[in-house]
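The values are calculated or read from the model by the stated rules, or taken from the named source; none is laboratory data. Fair warning: this is a prediction, and the values are worked out from it, not measured in the lab. Note that each Cβ is placed from the backbone with ideal geometry, even for glycine, and that neighbours are counted across all protein chains shown.
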Amino acid sequence: MRDDEPGEGARLHRHLTSTVERGSFCSARCTCGWRGPARRSRDLARTDARTHETPPAS
Ligand SMILES: [Zn+2]
């Protein structure tokens, strides 16, 4: 499933994450369409977002 697709030329090749709260759960979201798993803690959701934005250093 896809969220509303951006209009003309609004495609961003950038990862801008935010967290969305749903009831007692929180999940990360990204402008690229990525979605993190529902977490019980906002910190965990943020960690998911960070991990997505910045691939773990190798
Ligand atoms: Zn992304």
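Worth a mention:
- The set of residues in the range 20-48 being in a strand (DSSP E or B) and aliphatic (A, V, I, L, M) consists of Val20, Ala28.
- Cβ pairs under 7 Å, 6+ apart, first in the range 34-58 and at pLDDT 95 or above, second in a helix (DSSP H, G or I) and of a type in the set (A, V, I, L, M, F, W, C): Gly36/Ala45; Gly36/Ala49; Arg39/Ala45
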